[in-house]
Every structure is written in structure tokens, then in C-alpha cells.
Amino acid sequence: MRARTALAGGAALALILAGCSGSEGTQTELAGSWDEIVAAANDEGTVTLYSTHSPTNLEALKTAFEAEYPDITLEYVRGTDADILPKIEVENQTGTGVADVHMTTDAGWISRSLDNPDFSMEVVAPNLDNPDFQSDNSVIDDKFFVTSATVFGLGWNTDSVPDGLSTPDDVIDPKFAGKVGVQNPNGIATYVDMYQTIDADYGDGFVERLAEASPRIYASNVAVTQALASGEIWAAPMAGSTVLTEKAKGAPVDFTLPDKPFGVPWYTHILGSAPSPNAAQVLSNFLISQAGQEAISADFVAALPDIPGASAVDGTTVTAQEFGLADQEGLDPESVAAYQAEWEAQFMG
């Protein structure tokens, strides 16, 4: 597993960063005690989550959360970081928040947002005190907390590839030319980090060789998974563990991890412009409860141990805390844009 920079814990927050644009919004006071926060959340009646997580898991989270808090409706907006982060920025700058809670894997954006003290609210969830959550390794500046992690590996369509895949090099076999699926990094720092990491870990100029395989290009991991399930593509070297979700539904797909799997954690925070700040605290607390983890981490890596349905790495159950956030070097917006241009020349030129 690649060693990566973890930002968890106060000592890691000596950040010299270019901050996000200044906020015009003000943070709303919370109700008081936790019981009072829950009562106020019920009065607010709704909470909105922006997330890059799997739609299946977000729907499961909605069902589980509303079962426990029937007076609060959970709405979610699912998209890529390239879709969501500009919306978050505008809502913060104008003080006209729609989102209450935001979940992202973009380590660079997290760092930049921390430079603005009003961008996020302190999370006061009681479940932060659960020893199994490892708060010392899970919370950044009392605001961002690890929620789950995704791990990428080899995915294939079992109808077209009945013998399966074992190594990344299997994917670039000439017989798969035109039938391999990849994600377009498209300004998404997490995908840029993934391409740079696998190019080093898989060896022999893997990304260049992958480009020569004439892969089909998709906007997200979700789209790659759907293409595998439909048979539009036969193999993917950076498929997410959501392939296992489709397999459980009966799709002809399968998934395995290479020797050096790439993993990345989702961190969640409550926005300073949240229109329902009490409900945002209740949702945050639920996300790191047993029921919340079973919903959001099915077929992913959980932030609590022994979560039924969560993924294992190399046959061993791990927690999301073991996948640190990416090293910031080379993942600033200018470097991401430069990599995107290089990638497009390789894959689309």
C-alpha cells in the first residue's frame, strides 16, 4: 500500500496554503446540548449532502438515516469533484448555502479550505469519542472527519473475460484493444494522483502503455462500472470496488486487487453556510455510527472495524484510516491542469 501523507491530527495542520475565496456567509449557532441539537435538527426537518460517493451507497445512507431520524429528510446531490467543488465555493462566497454536509476525496481542496476558518463548522458528533473511530487519526482541525475509503483494482466482464485478470499488465493485452475503460482525470486531483501512483507502482511506463491500448474514456468510476456491467468494455485497470455491488445484483462482473492497490479516503465536513446546521451535526454523527457505516461503506473500506459488507484489502479487513490523504505536492490546481493536458495528449491526441 502506498505511503501517503495523512493530515489527521492537529500537529499535521501547519499548512502554508493558498486559501479558498473569502466567505460572505456566517455560521449559525447550534442549539446547545446534543439532545437539544437533535431536537433542533428535527425542527429543521431536512439535511442536504453533496458527495462523490457511490449513488447506491448514498441511497442506502438516505434509507438508513431516515429510518433512525424519521423527522429529518436526507437529500443528496451526487457528482464528481469537478461538478461539486465549484458549487460549494459559490455557496460559501455568497452565503446562500444549499448543502449542509460535503464529502470529498480531494486532499488539496481540503487543505485549501482549511485556510478559511469560516468555511467549515466544528463537528461535535458524540461518535467521535468512540475508540474504534480512532479520532486522533481520523479528524482534521476538528472539522473534517474520515468517513470511508475507496480502493481501486482490476475489474472485468466475466462473459467476455471468463478467465479473469491477475495483474495490471493483463488489462493491456492486445486482445482487449478498444475494450478497456479508464477514467478521465478532467481536473479531478484524486484521479491525477491515481494515474501518477499507478504509473510508479505498476512499472515500465504503465500509463503510456495503457494509452496505447486505445481505451474508452469515462467521466467517473461509476461510469466505468456501468460499462463493465453492460459489456461495453471488458476490462478496467482502475475499477472501484463498486464492481462488487453490481456483481451482487447479478451483473456479469468481477473484481480483484493488484499487489499495490490504490486507495483514497473520503473526508466529510459541515459547511459554514449550512442552512440546517443542527441536522448536519446529526447526519455527521450518524455517518460514523454502526448503521451509518454499514450503509455508506458497503463494498468500500469502512471507518470502523468489523462492518458487514465492507471491503477487505489482500484478504484482510482494514479501515479507511489506513489510506492517508495524498501528498499535496503536484496536486495544486495548476499542476492538475498541466497533468490533464499531458493526459489528453496521450489518450485523446
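The values are calculated or read from the model by the stated rules, or taken from the named source; none is laboratory data. Owing to the predicted nature of the structure, the values given are computational and were not obtained by experimental measurement. Positions of Cβ are backbone-derived with ideal geometry, glycine not excepted, and every protein chain shown enters the neighbour counts. The accessibility values were calculated without ligands, DNA or RNA, using every heavy atom of the protein model including side chains. Shrake-Rupley method; radii C 1.70, N 1.55, O 1.52, S 1.80 Å.
Taking Cα extents along the principal axes in Å as calculated from this structure, the corresponding entry among (1) 57, 40, 35; (2) 63, 41, 32; (3) 76, 47, 35 is (2). Within the chain, DSSP assigns beta bridges of which about 70% are antiparallel (rounded to the nearest 5). Dipole of the chain computed with +1 at Lys/Arg Cβ and -1 at Asp/Glu Cβ about the Cα centre; of G272, H102, V301, farthest Cα towards the positive end is V301. Over the chain, dividing the summed -39,500 (n - 2.57) contributions of all DSSP H runs of at least 4 residues by the number of residues returns a 222 nm mean residue ellipticity of -10000 deg cm²/dmol. The phi torsions of the range 173-188, fed into the Karplus equation with coefficients 6.51, -1.76 and 1.60 and a -60° offset, translate into couplings of 4, x, 5, 9, 3, x, 10, 9, x, 9, 8, 7, x, 6, x, 9 Hz, rounded to whole numbers, with Gly and Pro shown as x. If you roll a 1.4 angstrom probe over the protein chains with everything in place, what fraction of the accessible area of the chain belongs to carbon and sulfur, to the nearest %? Percent of accessible area from carbon and sulfur atoms in the chain: 47.
Length available on full extension from E89 to N137: 0.36 nm per residue minus the Cα-Cα distance, which gives 14.6 nm. Within straight-line reach of K62, meaning a Cα separation under 15 Å, sit the following aspartates and glutamates at least 8 residues removed in sequence or on another chain: D71, E75, D100, E294.
The label-point distance for D204 and K62, in a model that sets each label 7 Å from Cα toward Cβ, rounds to 4.6 nm. For S148, the residues 5 or more places off, or on other chains, whose built amide H falls under 5 Å of its own are W266.
Average accessible surface for the range 215-311: 27 Å² per residue, computed with a 1.4 Å probe over protein heavy atoms with every protein chain in place. For the range 25-117, the C-alpha radius of gyration divided by 2.2 N^0.38 Å, with N the number of residues, is 1.17. Charged side chains reduced to their Cβ positions (Lys and Arg at +1, Asp and Glu at -1) give the chain a dipole of some 740 debye around its Cα centre. Only the Cβ atoms of Lys and Arg (+1) and of Asp and Glu (-1) were treated as charged; on that basis the dipole of the range 200-317 about its Cα centre amounts to roughly 320 debye. Express in Å², to the nearest 10, the accessible area of Y218 obtained by rolling a 1.4 Å probe over the protein heavy atoms while all chains stay in place. Accessible surface of Y218 is approximately 30 Å².
Sparse packing (at most 11 other Cβ atoms within 10 Å of the Cβ) combined with a DSSP loop state is found for none of the GluC sites (Glu not before Pro) in the range 225-313.
Rolled with a 1.4 Å probe across the full set of protein chains, the surface gives K87 an accessible area near 90 Å². Residue ranking by accessible heavy-atom surface, 1.4 Å probe, largest first, among D163, D299, D170 comes out as D163, D170, D299.
Remark: relative contact order (the range 227-301) = 26 percent; criterion is Cα-Cα distance under 8 angstrom and separation of 6 or more residues.
Assuming a ≥ b ≥ c are the square roots of the Cα gyration tensor eigenvalues, decide whether the range 172-294 counts as rounded (a/c under 1.5), prolate (otherwise, with a/b larger than b/c) or oblate. Prolate. Think of each Lys and Arg Cβ as +1 and each Asp and Glu Cβ as -1; about the Cα centre, that makes the dipole of the range 31-144 roughly 420 debye.
Take E75: with every protein chain present and a 1.4 Å probe, its accessible area is about 90 Å². Quick check: the distance between the Cα centres of the range 113-135 and the range 203-270, to the nearest angstrom? Rounded to whole Å, the Cα centres lie 31 Å apart.
For the range 226-300, list log₁₀ I(q)/I(0) at each q in 0.14, 0.18, 0.21 Å⁻¹, using the Debye formula over Cα point scatterers of equal strength and ignoring solvent, two decimals each. Normalising to I(0) and taking log10 leaves -0.65, -0.85, -0.95. Mean-square fluctuations from a GNM of the chain, with a 10 angstrom spring cutoff on Cα atoms, peak among A67, A223, A326 at A67. Mind telling me which of A338, A235, A274 comes out most flexible in a GNM of the chain, alpha-carbon contacts under 10 Å? Highest fluctuation among the options: A338. Look at the dipole of the chain built from charges on Cβ: of V224, L30, N92, the Cα furthest out on the positive end belongs to V224.
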